[in-house]
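Chemist: Below you'll find the structure I mean.
Read the figures in this text as sums done on the coordinates, not as results from a lab. If you're wondering where the values come from, they're calculated on a predicted model, not measured in any experiment. Cβ coordinates were reconstructed from backbone atoms using ideal geometry, including for glycine residues, and neighbour counts include every protein chain displayed.
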Amino acid sequence: MQYFPQTPQSLWIETETIPHFPTLKEDISVDVAVIGGGIAGITTAYVLMQEGLKVVLIDADELLKGTTGHTTAKITAQHGLVYHELIKHFGKEKAEMYFKANQEGAELIQTTIEKLNIACSYDQHTAYIYTNAQEYVKKIEQEYAAYNKLHIKGELKDDIPINIPVKAAITMEHQAQFHPLTYMHALVKQLDQQGVMIFEHTEAIDIKEEKNIKVITKNDKTISCTYVCSCTHFPFYDRAGLYFSRLYAERSYLLAIKPIKAFPGGMYVNVENPTRTFRKSFIIMKSFY
């Protein structure tokens with residue numbers, strides 16, 4: 001009989017151990033305060049550390065227990081049918097900036113893996129967007145035309161390597177996947193070794209702009225700094241953005257299965273609702289089988 005956990009568990013969190021850090025208990029002064037201990041915050045702290053800045057990284061809960069710990073772990077600039085819309089609403093130049101920014105982020109991950117020799121199951125794949133609904137075929141064709149305008153390497157196809165009904169698909173080459181927490185563990189280790197202050201269970205609740213910027217925490221401690229990087233999934237500082245009126249909660253679920261046939265490679269997402277995204281994992285949790 002197969003055993004499945006009674007409560008949902010993150011594959012990444014269950015297969016990697018991240019060190020814990022104390023709560024901030026005194027006022028401190030730094031060059032940069034980074035708020036949020038996910039991939040965005042930790043990467044920001046890592047890059048700033050390399051530039052010689054004095055950095056503190058804080059998280060309201062524990063490092064990597066939010067979105068990063070529950071991601072599909074795809075490293076890709078293919079985020080649905082976005083490039084046609086970006087060109088239409090913002091122009092070709094800004095669409096190119098969007099693509100290049102994502103590619104540079106992917107290159108940073110790859111070079112960091114090579115530099116630190118991180119064994120995080122990094123592997124390059126072709127990414128696919130597909131549809132089996134006729135009304136989305138034209139949208140995929142428009143997206144492919146946008147790829148050509150932006151010189152994005154890809155192909156327009158009428159099938160994919162997996163044997164499921166497909167009316168149209170578009171590929172983006174040289175994308176990747178990895179074990180995000182194994183990768184991030186290596187960066188956290190670098191931060192700790194280089195003297196970057198890291199605090200968990202330290203919730204930022206306000207920013208005061210005085211001579212120096214002051215980040216105020218829930219336990220009434222102050223971080224004085226020249227710059228603040230807000231890397232939280234939900235913006236904690238809402239002085240002017242009214243983000244609470246524009247954001248909403250959303251949840252998706254993952255199912256781990258052992259396929260009958262060998263997985264052919266690639267990373268896949270459909271365009272219609274409900275969204276279905278799938279990829280191969282190099283991690284097998286023994287309790288699942």
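Chemist: Looking at this structure, is ALA256 part of a loop (DSSP other than H, G, I, E, B) and small (Gly, Ala, Ser)?
Modeler: Taking the combined requirement at face value, the residue satisfies it.
Rundown of residues vs (1) touching a residue at least 40 places away in the same chain (Cβ under 8 Å); (2) surrounded by fewer than 16 Cβ atoms within 10 Å (Cβ to Cβ); (3) over 30 Å from GLN103 (Cβ atoms), yes/no style:
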{"position": "PRO8", "(1), (2), (3)": "yes, yes, yes"}
{"position": "LEU11", "(1), (2), (3)": "yes, no, no"}
{"position": "ASP31", "(1), (2), (3)": "yes, yes, no"}
{"position": "GLY36", "(1), (2), (3)": "yes, no, no"}
{"position": "THR44", "(1), (2), (3)": "yes, no, no"}
{"position": "LEU63", "(1), (2), (3)": "yes, no, no"}
{"position": "HIS79", "(1), (2), (3)": "no, yes, no"}
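Chemist: Could you look through region 46-61, keep only residues that are part of a loop (DSSP other than H, G, I, E, B) and either without any contact (Cβ under 8 Å) to a residue 40 or more places away in the chain or in contact with a Ser or Thr (Cβ under 8 Å, 6 or more places away or on another chain) (or both), and pick out the one that is surrounded by the most Cβ atoms within 10 Å (Cβ to Cβ)?
Modeler: Among those that are part of a loop (DSSP other than H, G, I, E, B) and either without any contact (Cβ under 8 Å) to a residue 40 or more places away in the chain or in contact with a Ser or Thr (Cβ under 8 Å, 6 or more places away or on another chain) (or both), it is ASP59.
Yes or no, residue by residue, for (1) of a type in the set (Phe, Trp, Tyr); (2) exposed (fewer than 13 other Cβ atoms within 10 Å of the Cβ); (3) under 17 Å from VAL30 (Cα atoms); (4) touching a strand residue (DSSP E or B) at 6+ places or on another chain (Cβ under 6 Å):
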{"site": "LYS139", "(1), (2), (3), (4)": "no, no, no, no"}
{"site": "GLN142", "(1), (2), (3), (4)": "no, no, no, no"}
{"site": "ILE160", "(1), (2), (3), (4)": "no, no, no, yes"}
{"site": "MET197", "(1), (2), (3), (4)": "no, no, yes, yes"}
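Chemist: Please determine whether any residue of region 58-80 is farther than 21 Å from PHE199 by Cα and in contact with an Asp or Glu (Cβ under 6 Å, 6 or more places away or on another chain).
Modeler: no
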